[in-house]
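Worksheet for the structure shown next.
The values are calculated or read from the model by the stated rules, or taken from the named source; none is laboratory data. Keep in mind that what you see is a predicted model, and the values were worked out from it rather than measured. Positions of Cβ are generated from backbone atoms using ideal geometry, with glycine treated the same way; all protein chains shown enter the neighbour counts.
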């Protein structure tokens, strides 16, 4: 097991995003793209604040029938999206993992 962490990446078009990794190293949340590294760090702060509030999650079903969720900020903007899962149970476990891990996750800058 590893420590939960936010891992920052730089995209090919010079933007930034992060993945929140759970204790087993799996991606449990992926951010939108940001134009600056500072904005990306602000996104992490927003996830840390909002992840513990169940009202901020929107459960969804994709056109392919798989389950996922969005995490929204106070202003209603999506700040993170989950992977897609075959069952509601798996999606809900992922949400619980974000709630537990986001507030304590370290930050790893791979830019």
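In this structure, is residue 65 free of Cβ contacts under 8 Å to residues at least 60 places away in the same chain and over 15 Å from residue 102 (Cβ atoms)?
Here the answer is yes, as residue 65 does meet what is asked.
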Take residue 46 and tell me if it is within 25 Å of residue 14 (Cβ to Cβ), out of contact with any strand residue (DSSP E or B) (no Cβ under 7 Å at 6 or more places or on another chain) and in a helix (DSSP H, G or I).
no
Matching residues in the stretch 1-43 - criterion: being under 18 Å from residue 68 (Cβ atoms) and not in a loop (DSSP other than H, G, I, E, B):
17, 18, 19, 20, 21, 27, 28, 29, 30
Testing residue 91 on (1) more than 11 Å from the chain's Cα centre (by Cα); (2) outside any loop (DSSP other than H, G, I, E, B); (3) surrounded by fewer than 19 Cβ atoms within 10 Å (Cβ to Cβ), one condition comes back false. Which one is that?
(3)
Exactly one condition in (1) farther than 23 Å from residue 88 by Cα; (2) in contact with a strand residue (DSSP E or B) (Cβ under 6 Å, 6 or more places away or on another chain); (3) at pLDDT below 95 is false for residue 22; which is it?
(1)
So, of the residues in the stretch 27-51 that are closer than 20 Å to residue 99 by Cβ and in contact with a helix residue (DSSP H, G or I) (Cβ under 7 Å, 6 or more places away or on another chain), which turns out to be surrounded by the most Cβ atoms within 10 Å (Cβ to Cβ)?
29
